[in-house]
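Novice: Below are the structure tokens for one structure; questions will follow.
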Amino acid sequence: MASQSFEGDFSLKSIKLYPVVNNTIGKAIDIKDLVGEITLKESVLSASLYCNIVVKDIEENLISKLPLMGQERIELVLSAGQQKLRKNFYIYNIDGRVMKEKNQAYILHCCSHEALKNEVTRIVKRLDGVKAHEFIKDNLATITKKKFKYDESLHTFDMYVPNWRLFDTCIWFRPRTVPVAHKDSVGYLFWEGFDGYNFKSIDTLFDQDTYPNKDVIYSFAQGNTANTDTKYRVINYASPKVFNVFDDARSGSYSHDAVYIDANHRTARIYRTTADDFWKESKHLGNLKPFRSGGGDDLVDFSKGSGRMIYRPSTVNTFGKWKPDQSTNGKDMVDEANKIYEKSVYRFYFMQYNTLDISIPGDLDIRAGNIINISIPEPKVNKDSVKKDKRLSGKYLVNSVTHILNRDKLSTRITLTRDSFGGSNISDKTSSEKQVNVGR
């Protein structure tokens, strides 16, 4: 569906508060007239949906009267054009309370019911030959009936889960899971969206069609130019980060040394990996990679030295064998699993490298995890010839969606990310993975 044409084109149907009475859900209270602002947020980096509600409590004093003590249910129904959203949230925090005579204001912080259940859902078990998507599917079913969408994972895990929360365990799998559809890459995202839970490969997300279809481009038009389509317009935008070479080098995003330590045999193997090793085997949203390969003249070759050293245990055949679908050919499979994890250091760092924050007229259908196409004009604008900024424009992953509504308008703020820039790639020298040394 198309987004609304303007920010005032929406309706807050109802917002009801269900108090807790004698440990059971009581009769609904309509608090629509007390609400000043509502913020709804989903993100591919968050295992729960969140909702903040600014309450202007005039002579009601609900905090003491009910009283509000946590876990009260909030039922929210709103619409924008033909779009409709109905969600339930649960209060977990109240802050920002300001009182003046008979009036007061405060913020209700709410989350999904599953986020509260997660706090008392601990996993203590041995996994033998279990794939990540199988584990998440089976354990999510114990706390929710919401839909679960996933990409099949390739490898199995043999490990102990040491009393972790369910969501923490799901997040632990993210950088260690390889998708069946992209066997040379690595990296998943686990999040709750407005339609349910997701465990999706980053490469599969990057490879999907743009929202709502391939022909739609969200465009920003400056005041002295014509805006041809008000449904898919960008009201404003900001690019909070361009790059920081110091941060990139010190985080090991150009290259890093991975030290695999086998305490049982008192051995240590050191492998150097570079961003190029990850780049050539993964999907990307743009053509221009955000780093230079090689050196020359006054350019520093960051692949020749290690910006970071990462230590990992390599307990061969002690805590279970890593089981790929293909033959091992005598390789140390625990170290092979570590090498796959090295790629995820680059995958997750660069996934959020190019960030763009935009605001659009409220769109209740857009979801975190969508891919959208953006057109941003160059700062120098000619009325007769508007050129787009190739570096900023192009495809992005919807990292997070925040709907903000009050009595006057509904707007949607989106944080977009991608691991690359628009425009053509630069030609440079590339490096490849190598073992630096083997020693005791």
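Novice: Mind listing just one residue for me: the one in segment 264-290 that is among the polar types (S, T, N, Q), in a strand (DSSP E or B) and out of contact with any helix residue (DSSP H, G or I) (no Cβ under 6 Å at 6 or more places or on another chain) and, of those, nearest to P179 (Cα to Cα)?
Specialist: It comes out as T274.
Novice: Output the number of residues of segment 264-297 satisfying the condition of being of a type in the set (S, T, N, Q) and modelled with pLDDT of 85 or more.
Specialist: Qualifying residue count, segment 264-297: 4.
Novice: Tell me which residues, restricted to segment 71-106, are at pLDDT below 95, on the phi > 0 side of the Ramachandran plot and not acidic (D, E).
Specialist: G81, G96
Novice: Continuing with this model, one more query. Going through I53, I136 one at a time, which residue ends up being touching a Leu at 6+ places or on another chain (Cβ under 8 Å) and modelled with pLDDT of 95 or more?
Specialist: Checking each option against the conditions leaves just I53.
Novice: Would you tally the residues in segment 43-80 being basic (K, R), surrounded by fewer than 17 Cβ atoms within 10 Å (Cβ to Cβ) and touching a strand residue (DSSP E or B) at 6+ places or on another chain (Cβ under 9 Å)?
Specialist: Final tally of qualifying residues: 1.
Novice: Here is a follow-up. Restricting to segment 138-173, count the residues that are in a helix (DSSP H, G or I) and in contact (Cβ under 8 Å) with a residue 60 or more places away in the chain.
Specialist: The number of residues fulfilling the criteria is 3.
Novice: Sticking with this structure for a sec: List the strands (runs of 3 or more DSSP E) that sit entirely inside segment 15-95 and contain at least 1 residues that are over 20 Å from S411 (Cα atoms) and in contact (Cβ under 8 Å) with a residue 40 or more places away in the chain.
Specialist: 50-58, 73-80
Novice: Ok, one more. For segment 174-200, what are the residues that are within 25 Å of R367 (Cα to Cα) and assigned to a loop (DSSP other than H, G, I, E, B)?
Specialist: T177, V178, V180, A181, H182, S185, V186, G187, F194, D195
Novice: I would also like to ask the following. In this structure, does R86 turn out to be closer than 30 Å to R174 by Cα and either surrounded by 16 or more Cβ atoms within 10 Å (Cβ to Cβ) or touching a strand residue (DSSP E or B) at 6+ places or on another chain (Cβ under 9 Å) (or both)?
Specialist: In short, yes.
Novice: Continuing with the same structure: Does any residue of segment 393-402 turn out to be under 16 Å from the mean Cα position of the chain (by Cα) and in a helix (DSSP H, G or I)?
Specialist: No, every residue in segment 393-402 fails to be under 16 Å from the mean Cα position of the chain (by Cα) and in a helix (DSSP H, G or I).
Novice: The conditions are (1) surrounded by 14 or more Cβ atoms within 10 Å (Cβ to Cβ); (2) over 19 Å from S112 (Cα atoms), and L40 fails exactly one of them. Which is it?
Specialist: Among (1) surrounded by 14 or more Cβ atoms within 10 Å (Cβ to Cβ); (2) over 19 Å from S112 (Cα atoms), the lone unmet condition for L40 is (2).
The values are calculated or read from the model by the stated rules, or taken from the named source; none is laboratory data. Predicted, not measured: the structure shown is a model, and the values here were computed from it. A quick note on method: Cβ atoms are made from the backbone with ideal geometry, for glycine too, and the neighbour counts reach across all protein chains shown.
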